[in-house]
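Quick note: the coordinates plus some simple rules give every number you see, no bench work behind them. The structure presented is a predicted model; accordingly, all values stated were derived computationally and were not measured. Quick reminder, even Gly has a Cβ in these numbers, built from the backbone with ideal geometry, and neighbours come from all protein chains shown.
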Amino acid sequence: MNDLALSEDQRDALQEIANIGMGQAGARLAVLLGRFVHLSVPRIIVVDTESLQVAVRETLKLNGPVTALRQGFRCDVSGEAITLFDSVGATRLYDTLFPDSPEVAEQGADTGELFAEVANLITGACLAGLFEQIGQSPTFSAPRLIGEQIDIEEVLHPSKLPWDRALLLEVNLHTEDGDFGAHLLSLMTLDAVRKLGAALEAFLSSL
């Protein structure tokens with residue numbers, strides 16, 4: 001039996017909520033960036049530590065090494081988000097968000113801090129947009145840099161994942177001019193999925 005399975009109605013509700021949430025996230029990011037942001041239809045699947053790399057590679061829109069950050073989120077439902085992006089795109093996005101800041105290279109800024117700013121923006125917009133549909137207001141831990149310019153296999157190696165199986169919700173996003181792209185992975189384990197199922201049931205009963 002799949003201990004991470006949601007009922008058909010719950011899964012349909014989650015997909016619809018995720019679609020709405022990502023639309024809201026795209027709108028928020030577009031306002032901040034001053035340009036349109038495309039977000040993919042969220043994919044929701046159950047993965048284990050061995051299959052996660054393959055699952056992500058199927059939809060990953062980034063080529064070559066990635067910069068990765070890990071960030072926890074918590075409300076009634078808790079989990080972990082991993083943001084993946086290429087360094088060039090992240091630098092361009094930072095320049096757009098903070099046009100009055102000195103050039104990163106000139107000020108000798110810690111690029112880890114730059115990526116943390118960007119990851120926090122993406123994770124907050126996407127997950128807040130999702131969870132607010134079911135009356136939840138998640139809080140987020142500070143993003144932690146996993147590594148810069150590393151292979152995706154290193155980011156998602158089973159030895160670095162503190163769980164056996166999880167519910168994965170993932171989405172790709174990129175600006176219409178192609179300057180920036182990112183891949184967001186949201187992972188929830190058994191206890192979180194049970195609470196998510198209860199929240200979805202409450203949502204469905206209120207309709």
Inset, instruction - Using only Cα atoms, find the angle between the long axis of helix 8-33 and the longest principal axis of the chain, and express it within 0 to 90 degrees, rounded to the nearest 10. - result: 20 degrees
Inset, instruction - Would you grab the residues whose amide H sits under 5 Å from the one on Asp86? Only those 5+ places off in sequence or on another chain, please, with H modelled 1.01 Å from N. - result: Thr67, Gly181
Legend entry - Protection proxy ranking of 136-146, 122-132 - average other beta-carbon atoms within 10 Å, highest first: 122-132, 136-146
Legend entry - For peptides 177-187, 37-47, 156-166, sequence by mean Cβ density within 10 Å, most packed first: 177-187, 37-47, 156-166
Inset, instruction - Please report how far the C-alpha centroid of the range 157-206 lies from that of the range 10-38, rounded to the nearest whole angstrom. - result: 14 Å
Legend entry - Over the chain, relative contact order from alpha-carbon pairs under 8 Å, at least 6 apart, %: 36 percent
Legend entry - Rotationally averaged projected area of the chain (alpha carbon convex hull; nm²): 11.4 nm²
